[in-house]
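The values are calculated or read from the model by the stated rules, or taken from the named source; none is laboratory data. Predicted model only: the values in this text are computed from it and were never measured. Here the Cβ is made from the backbone with ideal geometry for all residues, glycine too, and neighbour counts use every protein chain on show. The accessibility values were calculated without ligands, DNA or RNA, using every heavy atom of the protein model including side chains. Shrake-Rupley method; radii C 1.70, N 1.55, O 1.52, S 1.80 Å.
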Amino acid sequence: MSLLRIYPVNSADSYTEMSDFDEIRAYLWKKGVLFERWQAGAQLAKTATPEEVLAAYRPSIEKLKAERGFRTEDVVAIHAGLPNHAEMRQKFLNEHTHTDDEARFFVDGSGLFYINTGAEIIALLCTKGDLVNVPAGTKHWFDMGAEPFFQCVRVFTDPAGWVGHFTGSTITSQYPLRDEYPAFAG
Ligand SMILES: [Fe+2]
């Protein structure tokens, strides 16, 4: 189940919450953010290789690439067993932009995107089956949580375009972290 909270910029005292997929998708679309739910074309084992993951979602991946001009894709798995997960978490907790779109499909697990539109902070908890495309130049940050668990397909126009350009803003510290959101991941 996905979850969206909309906060006024510079205040986490109040928010509007949505959990209905169609409602979330429609709201994000108005903000220029693509949000979809993908179905696997084949049953995937927990131990599936990156090649098997990509094969299972191939039609959706190719459709997204054709529509948005993406050229390459890979699979990344982050979990609390990785020695550098705390540093990885900390890096993307800082507000940043990219020159490329940030397209992420959650094969499993969850992660929390925060999108700064200038007027509001949109916090989007993505879970298994969710595809989000944060447009190039959009201020955002991401919290994977203290005990991260997710497997994502990443789609790139140019992998170099995914380098983070950090804004130096401290706005991120005003908003609840991933672990203050529901733990669900399915
Ligand atoms: Fe990013």
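What the table shows:
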item	result
Matching strands (runs of 3 or more DSSP E) fully within the stretch 6-123 where at least 3 residues are among the hydrophobic types (A, V, I, L, M, F, W, C)	72-79, 102-116
Which listed residue is open to solvent by 70 Å² or more (accessible area, probe 1.4 Å), of a type in the set (D, E, K, R) and within 30 Å of Glu120 (Cα to Cα), from Arg71, Arg89, Arg37	Arg37
Residues satisfying the stated conditions in the stretch 33-74, i.e. without any contact (Cβ under 8 Å) to a residue 12 or more places away in the chain and acidic (Asp, Glu)	Glu51, Glu52, Glu62, Glu67
Filter result (in contact (Cβ under 8 Å) with a residue 60 or more places away in the chain, open to solvent by 40 Å² or more (accessible area, probe 1.4 Å) and of a type outside the set (Gly, Ala, Ser)) within the stretch 156-176	Thr157, Asp158, Pro159, Trp162, Val163, His165, Phe166, Thr167, Gln174
Qualifying residue in the stretch 98-106 (condition: in contact with a Pro (Cβ under 6 Å, 6 or more places away or on another chain) and within 28 Å of Lys30 (Cβ to Cβ))	yes
Odd one out for Gly161 among (1) within 15 Å of the ligand (Cβ to nearest atom); (2) farther than 20 Å from Gly118 by Cα; (3) not in a helix (DSSP H, G or I)	(3)
Residue pairs meeting the criteria (Cβ under 8 Å; at least 6 apart or on separate chains; first modelled with pLDDT of 95 or more, in the stretch 82-100; second more than 10 Å from the ligand (Cβ to nearest atom) and among the acidic types (Asp, Glu))	Arg89/Asp143; Leu93/Asp143
Residues of the stretch 140-155 satisfying the condition of being within 13 Å of the ligand (Cβ to nearest atom) and surrounded by fewer than 19 Cβ atoms within 10 Å (Cβ to Cβ)	Arg154
In the stretch 92-139, the residues that are hydrophobic (A, V, I, L, M, F, W, C), open to solvent by 30 Å² or more (accessible area, probe 1.4 Å) and within 11 Å of the ligand (Cβ to nearest atom)	Phe92, Ala136
